[in-house]
Amino acid sequence: MEELLEILEGIAPGEDFENCTTLIDDHILDSFAILSLVSEIEDTFDVEVSPAELIPANFNSAKSLWEMICRLKED
Amino acid sequence: MAYHLLTYSLIFLPVVIALYQLCPARFRFVVLLAADYTFFCMISGKLLVWLLLATLVTYGTGRWLAAIPVRHSDLHGKALTRKKRGVLALGIVLILGTLVTLKYLRVFGVTLAAPIGISYYSLQAISYMTDVYRGTQESCKNPVKVALYLSFFPQIMEGPISRFSETADALYGGNSIQFENLVFGYQRIIWGLFKKMVIADRLAPLVVKVFSSYNNFDGAAILVGVLAYTMQLYMEFSGCMDIIMGSGEIFGVPLPENFRQPFFAKNAGDFWRRWHITLGAWLKDYVFYPISLAKPVKNLAKKIKKKAGFSVSKFVAPTIALFFVWLSNGIWHGPHMNYIFYGMYYFVLIVIENLTEEPCRKLVERFKLDTECIGFRIFQFLKLFVIVNIGEMFFRADTVATGFRMLRRIVTDFHITALAETNFGVDVPDLILASVSILLVFVVDVIHEKGISIRRKVAECKLPVRWSFWYAVILLVVVFGAYGSGYTIVDMIYAAY
């Protein structure tokens, strides 16, 4: 989880990623930032993110992102 | 039949509302579907067959995809995934093939009659099939639900491009019409009619005159024509969208918003998140992300990351995908070079914005600029306004070359004094009325941008105030609407795409 928070901090510095649950709804992460995030997640956690995963429910908070990563690792 | 004609809001819609409400709840979907197909036939007649075929393909593909089991991590699982991909590809090819045949073959001299709304319902069909393939949408067992989703009469002509999960249940559910929804829906319809009939249609003759004979006009007059077109398009498209959203609201169908005060955007990218929102969202989900995450694009980005680092490689996938997004956006509007040019214009602008975002942020931090101050906001607004107007000029011009000639004339042959002698084909009182009305819409947009709902605020007022307010708006449309003798009915611009 800490690695994920570091990645998020690198993409959008200064945001409260630990508590924020509206990263997509409040436009904190736009489509450009999402792609940067996906690229970093794939490299760091050795998972493959498909377009089907790119939904607000997976990207609205660090927690939901972490859950997606864990699920993809299991697959 | 069209949304801005009184036959729609005063005859067709009330009749459908009455029949819908009188019908037992479990059969209300039949009334809606009958209304959908009647509305469609009133415009496109026998071409209804194309909509029915699209419905059949969409439903069939969904069911076929659901019939293929999901298995992972073995050879059989991979074969099933390939089969699923093949089924989806077949569905998309059939839908897109029909669209291309009916809409784009005229490039090769073959002109076929395209049904109304084909550009909109085709995208809805593709989104449903793709979502079922991805597993983010359950395959619908009920063909009537799919038929309702693709043909809902308020949105068939101009969108918004909705997703199955947004509207299908409400369309099929047969919920009773609530008094509040009826009132709010009609209020929004009246506001839409105001934008379309008082502003857009009043500006239409001026726009036609300037764009059809720009050679006879001074650069200053051409600029007036370009500004008028941008306003006409905004008032017309967002006004029709108000009528559409209001109609949906009456039936309790939550159609997605297509506009969010676009001229208050910070840049071109932000503008497209506020203008024709559902087309942008569709292109993002079904073109931008799939291309960005395609293996060849990812591999290229990885190679560049090794050589030049993440700061460079992070632009690779989005830029490649953006090219196809804006090419698709241009082509979607029709088989004309100026639409493709329009798409490429925004592609270049948005890539520049992406590349310069970080240096600009550093510059703002270094010089401690206040980006929220009024001066900076006005600068942002003017910059965006220029960008949008140039784009719309090329969008409306007959050819790309005409667009460039108009632009050159505005720059090199600009005499403000010439405006006094220019005959725009529109009376001065008409121009003054249009300008005042645009100002009124601007004020409403400012209020909406602050998150205030005017309809709700008015609803909280006492009865005399409420009725006076809405009577005033109705009177504005009745008295100042551009209809009757001396005016020609102006077709809905986006219904032609």
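Condition (residue is assigned to a helix (DSSP H, G or I), closer than 30 Å to A:Glu53 by Cβ and touching a residue at least 40 places away in the same chain (Cβ under 8 Å)) applied to the range B:175-191: is it met by at least one residue? There is no residue in the range B:175-191 that is assigned to a helix (DSSP H, G or I), closer than 30 Å to A:Glu53 by Cβ and touching a residue at least 40 places away in the same chain (Cβ under 8 Å).
Taking the conditions exactly as written (out of contact with any Leu (no Cβ under 9 Å at 6 or more places or on another chain), away from every other protein chain (no Cβ under 11 Å) and not small (Gly, Ala, Ser)), does B:Met337 satisfy them or not? Yes. The condition of being without any contact (Cβ under 8 Å) to a residue 12 or more places away in the chain and under 30 Å from B:Gly246 (Cβ atoms) holds for only one of B:Ala114, B:Ala34, that being B:Ala34. Taking first residues from the range A:51-74 that are away from chain B (no Cβ under 14 Å) and in a loop (DSSP other than H, G, I, E, B) and partners that are buried (at least 19 other Cβ atoms within 10 Å of the Cβ) and aliphatic (A, V, I, L, M), the Cβ contacts under 9 Å between residues at least 6 apart in sequence or on separate chains come to A:Asn60/A:Leu23; A:Asn60/A:Ile24; A:Asn60/A:Leu29; A:Ser61/A:Leu23. When residues in the range B:273-309 are screened for being out of contact with any Ser or Thr (no Cβ under 8 Å at 6 or more places or on another chain) and either of a type in the set (Phe, Trp, Tyr) or under 19 Å from B:Phe259 (Cβ atoms) (or both), 8 of them pass.
For the range B:122-140, check the following and say yes or no: at least one residue is in contact with a Gly (Cβ under 9 Å, 6 or more places away or on another chain), in a helix (DSSP H, G or I), surrounded by fewer than 21 Cβ atoms within 10 Å (Cβ to Cβ) and at pLDDT below 95. Taking every residue of the range B:122-140 in turn, none turns out to be in contact with a Gly (Cβ under 9 Å, 6 or more places away or on another chain), in a helix (DSSP H, G or I), surrounded by fewer than 21 Cβ atoms within 10 Å (Cβ to Cβ) and at pLDDT below 95. Among the residues of this structure, A:Ile41 does not count as one that is within 13 Å of another protein chain (Cβ to nearest Cβ), outside any helix (DSSP H, G or I), surrounded by 12 or more Cβ atoms within 10 Å (Cβ to Cβ) and on the phi < 0 side of the Ramachandran plot. For B:Ile161, the conditions (1) assigned to a helix (DSSP H, G or I); (2) closer than 22 Å to B:Met492 by Cα all hold with the exception of (1).
Within the range B:289-318, the set of residues being surrounded by fewer than 17 Cβ atoms within 10 Å (Cβ to Cβ) and under 27 Å from the mean Cα position of the chain (by Cα) is empty. Check whether at least one residue in the range B:324-343 is exposed (fewer than 14 other Cβ atoms within 10 Å of the Cβ) and without any contact (Cβ under 8 Å) to a residue 12 or more places away in the chain, and report yes or no. No, because not a single residue in the range B:324-343 is exposed (fewer than 14 other Cβ atoms within 10 Å of the Cβ) and without any contact (Cβ under 8 Å) to a residue 12 or more places away in the chain. Taken together, the residues in the range B:306-319 that are within 8 Å of chain A (Cβ to nearest Cβ), assigned to a helix (DSSP H, G or I) and without any contact (Cβ under 8 Å) to a residue 24 or more places away in the chain amount to 2.
Of the residues contained in the range B:276-288, none is found to be farther than 23 Å from B:Met235 by Cα, touching a helix residue (DSSP H, G or I) at 6+ places or on another chain (Cβ under 9 Å), surrounded by fewer than 18 Cβ atoms within 10 Å (Cβ to Cβ) and of a type in the set (A, V, I, L, M, F, W, C). Name the pairs whose Cβ atoms lie under 7 Å apart, with the first residue in the range B:282-304 and more than 10 Å from every other protein chain (Cβ to nearest Cβ) and more than 17 Å from A:Glu53 (Cβ to Cβ), the second at pLDDT below 90 and buried (at least 19 other Cβ atoms within 10 Å of the Cβ), and 6 or more positions between them or separate chains? What qualifies is B:Ile304/B:Ser313. Residues of the range B:262-281 that are within 12 Å of chain A (Cβ to nearest Cβ) and in a helix (DSSP H, G or I): B:Gly269, B:Asp270, B:Gly280, B:Ala281. Within the range B:447-476, restricting attention to residues that are farther than 17 Å from B:Asp242 by Cα and of a type in the set (Ser, Thr, Tyr), the residue that is modelled with the highest pLDDT is B:Ser468.
Scanning the range A:4-38 for residues that are outside any helix (DSSP H, G or I) and hydroxyl-bearing (Ser, Thr, Tyr), we see that the one that is farthest from the other protein chains (Cβ to nearest Cβ) is A:Thr21. When the range B:29-55 is filtered for residues that are crowded, with 18+ Cβ neighbours inside 10 Å and among the small types (Gly, Ala, Ser), the ones remaining, listed by number, are B:Ala35, B:Ser44, B:Ala54. If the condition is being touching a Leu at 6+ places or on another chain (Cβ under 8 Å) and among the β-branched types (Val, Ile, Thr), then the range B:208-228 contributes only B:Val224.
The values are calculated or read from the model by the stated rules, or taken from the named source; none is laboratory data. Just so we're clear, the structure is a prediction, and the values are computed from it rather than from any experiment. Note: ideal-geometry Cβ built from the backbone for every residue, glycine included; neighbour counts use all protein chains shown.
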